[in-house]
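Below is one structure; the comments refer to it alone.
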Amino acid sequence: MSEDWDNLILLDACRFDQFERLNTINGDLQTRTSLGSGTPEFLTKNFEGTTHHDTVYITANPMYRTKSLKDVFHEVIDVWGSEWDDQQKTVRPEKMAEATLEAYEEFPGKRIISHFMQPHYPFIGDSAREIGDHAGYEWAYRRVQGEDATRDHSTIWALLDEGKVDVEAVWRAYDENLEIALPHVERLVNTFDEKVVVTSDHGNLVNERITPFGKRVSGHPIETYTDELRKVPWLVISGETRKEIHEEEPQEHTNGDSDVVVDRLADLGYVNT
């Protein structure tokens, strides 16, 4: 939050090397080291115990609502609450872009953080069909509901680590999730007049060997400090002007319906919230 920007776009689980290969947006591409290797750690280490009443947080990820982060921002807009795609079990990037533009117009004197779900799975492109059933959401849903923790399907990362799916197919689907999101991010960049940064909360391991595990690991376990997880893109677009930012007391809001939060987190494959 101490960095210099007016509007910040977060791509969930986007690796630096992946972004460097696929990015289509003009800007000065730098790197940063994330404070966390997963969203829960990223949120708590960046925002717990702080106040940023000059900032509006727009999010497709319900993880924020499970943390002790009440009144950190002037306003939190839960796009996952209104624009959840029940079939694909996520918020599509076009819905995030639309919600972000609405907030940008509604809060002209505030910094904007727009937290997209992609490229984090579930994979929503054509390549996902090659992989087949891989969500594993049933197990997470039952676990967070306090029920018997069983699964109808394994997670994509478990299937990958067990050699049941092809690593190249997973990479294609993972990359495609970013490619699907980027035009909607570019739409925001082209609309914003002020300084924009495009970054990520953390990266992802795709069947890669890291220490101290000594074996191949997939996913984004917290407190795992390796470049694949913590080296994130930091794309700076200077803009034509700067915002006149001012603080205001937080808007009155609730933490959302707890059952809905649980369902959304289960769809995303989160267990320990």
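Just so it is clear, none of the values below were taken in a lab; they were calculated from the coordinates. Small disclaimer: the values here were computed from a predicted structure and weren't measured. Note that we place each Cβ from the backbone using ideal geometry, even for glycine, and neighbour counts take in every protein chain shown.
Miscellaneous remarks
- Rg/Rg_ref, the range 16-100, where Rg_ref = 2.2 N^0.38 Å and atoms are Cα: 1.24
- FRET efficiency, 1/(1 + (r/R0)^6) with R0 51 Å, evaluated for ASP126 and ARG242 via beta carbons: 0.80
- Put simply, the amide H of ALA13, placed in the peptide plane, has neighbours under 5 Å in ASP201, HIS202, leaving out anything fewer than 5 places away on its chain.
- Taking other Cβ atoms within 10 Å as a rough exposure proxy, HIS53, HIS115 sort from fewest to most as HIS53, HIS115.
- 5 angstrom amide H check on ASN207, placed H, neighbours 5+ away: VAL217, SER218, GLY219
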